[in-house]
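What follows is a single structure, and I will ask about it in a moment.
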Amino acid sequence: MSLEIGPVNKASLSKQVADQLQEAILEGTLKADDRLPTEDDLAKRFQVSRPTIREALKRLAAKNLIRSRRGPAGGTFVNHLGKGELSEHLTTASTLFVSMNQISLTEVSSTRLEMESLCCQLACQNRTPSDLELMEAELEQQQNRNITSEEFCAADVRFHRAIADASHNRMLSFIMYTLIEALQPVANMIAYRFREREIITAQHKRLLASIKNQDSNLATAILKEQIEYLDQLHQEAQANHQQKESNKTVSAPNIFGR
């Protein structure tokens, strides 16, 4: 392992150390399961104090880039970066964007339609028996009338994740994981009081059949039908919320009046 590092400026030392180590990981200089030098060694190489190194390592651990292990064979090691770990960071940021109204549900829907339509087309070409089994299992869960709204939403998310995985395009699947995990639950919970489970389940049943039959045109048409249905529910939910807020304003007593 040849790790080329140099001294850093005094401003935000721990961040600069963390940035250099992160760059080494992303470039492949430090590979998965590589052991990092000791804190003393890193402090000497970077020409900083051990507390600065510890703070830098905390930054990397917070991003799941490294892990610590105790014992004789212990130390600090580079993590395997799986799709789930990487997607989790983007999911958190995306969820915040939606909750802070930096991204509208209309933008979410249009993006999802474009991206998931491509997933459906590739899934029709590339799906395997195990892919279809996963979709069937989630569809069966959705058909259970005894599950809660939260459980239904979770099965809905897993169903669409299974479609993304069935595309067998890792980059597309990664992007869709982020989009689905971050934004679909938010959209689902906004509209769940207005949504008819039977309609969603029937759409999923037809969507699964079209993927089985490798009919990409029908699959994308059904997906569009579902997203348009959910868009309508979101509008109804927002209108209902605005009406309630308006009623509160009208009925609120004027505590400063006579």
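The values are calculated or read from the model by the stated rules, or taken from the named source; none is laboratory data. Quantities reported herein were computed from a predicted structural model and do not represent experimental measurements. Positions of Cβ are generated from backbone atoms using ideal geometry, with glycine treated the same way; all protein chains shown enter the neighbour counts.
Being in the same structural domain as Ile222 (by TED's automatic domain parsing), out of contact with any helix residue (DSSP H, G or I) (no Cβ under 6 Å at 6 or more places or on another chain) and either free of Cβ contacts under 8 Å to residues at least 12 places away in the same chain or part of a helix (DSSP H, G or I) (or both) is the requirement here; does Gln121 meet it?
Working: in the same structural domain as Ile222 (by TED's automatic domain parsing): yes; out of contact with any helix residue (DSSP H, G or I) (no Cβ under 6 Å at 6 or more places or on another chain): no; either free of Cβ contacts under 8 Å to residues at least 12 places away in the same chain or part of a helix (DSSP H, G or I) (or both): yes.
For Gln121, the condition - in the same structural domain as Ile222 (by TED's automatic domain parsing), out of contact with any helix residue (DSSP H, G or I) (no Cβ under 6 Å at 6 or more places or on another chain) and either free of Cβ contacts under 8 Å to residues at least 12 places away in the same chain or part of a helix (DSSP H, G or I) (or both) - is not met.
Further question on the same structure: Cβ-Cβ below 7 Å, separation at least six or inter-chain, first residue in the range 205-234 and within 22 Å of Glu140 (Cα to Cα) and at pLDDT 95 or above, second buried (at least 20 other Cβ atoms within 10 Å of the Cβ) and among the acidic types (Asp, Glu): which pairs?
Going by the 7 Å Cβ cut-off, the qualifying pairs are Leu223/Glu116.
List every residue pair whose Cβ atoms sit under 9 Å apart, with the two residues 6 or more apart in sequence or on different chains, where the first one lies in the range 131-142 and is free of Cβ contacts under 8 Å to residues at least 24 places away in the same chain and the second, anywhere, is part of a helix (DSSP H, G or I) and among the acidic types (Asp, Glu).
Gln141/Glu151
Continuing with the same structure: Give Leu90, Leu60, Leu118 a once-over and let me know the one that is within 19 Å of Ala164 (Cα to Cα) and modelled with pLDDT of 90 or more.
Values: Leu90 fails: modelled with pLDDT of 90 or more; Leu60 fails: within 19 Å of Ala164 (Cα to Cα).
Leu118 is the lone residue from the list that is within 19 Å of Ala164 (Cα to Cα) and modelled with pLDDT of 90 or more.
Test Arg54 against the stated conditions and say whether it is more than 18 Å from Ile25 (Cα to Cα), modelled with pLDDT of 85 or more and either surrounded by fewer than 16 Cβ atoms within 10 Å (Cβ to Cβ) or not assigned by TED's automatic domain parsing to the domain that holds Asp19 (or both).
Considered against the rule, which asks whether it is more than 18 Å from Ile25 (Cα to Cα), modelled with pLDDT of 85 or more and either surrounded by fewer than 16 Cβ atoms within 10 Å (Cβ to Cβ) or not assigned by TED's automatic domain parsing to the domain that holds Asp19 (or both), Arg54 comes out as no.
Taking the range 207-235 on its own, how many of its residues are surrounded by 15 or more Cβ atoms within 10 Å (Cβ to Cβ) and farther than 18 Å from Ser167 by Cβ?
Number of matching residues: 5.
Conditions tested, residue by residue: (1) under 15 Å from Thr201 (Cβ atoms); (2) not polar (S, T, N, Q).
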{"position": "Pro129", "(1), (2)": "no, yes"}
{"position": "Glu136", "(1), (2)": "yes, yes"}
{"position": "Gln143", "(1), (2)": "yes, no"}
{"position": "Phe152", "(1), (2)": "yes, yes"}
{"position": "Val157", "(1), (2)": "yes, yes"}
{"position": "Leu172", "(1), (2)": "no, yes"}
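Next question, about the same structure. Can you go through Ile163, Ile175, Ile180 and tell me which one is at pLDDT 90 or above, closer than 19 Å to Val108 by Cβ and assigned by TED's automatic domain parsing to the domain that holds Arg112?
Going through Ile163, Ile175, Ile180 in turn, the sole match is Ile163.
Also, quick follow-up: Quick check on Ala24: is it at pLDDT 90 or above and in contact with a Ser or Thr (Cβ under 9 Å, 6 or more places away or on another chain)?
Here the answer is no, as Ala24 does not meet what is asked.
Also, quick follow-up: Residues of the range 162-172 being surrounded by fewer than 20 Cβ atoms within 10 Å (Cβ to Cβ) and in a helix (DSSP H, G or I), which ones?
Result: Arg170, Met171, Leu172.
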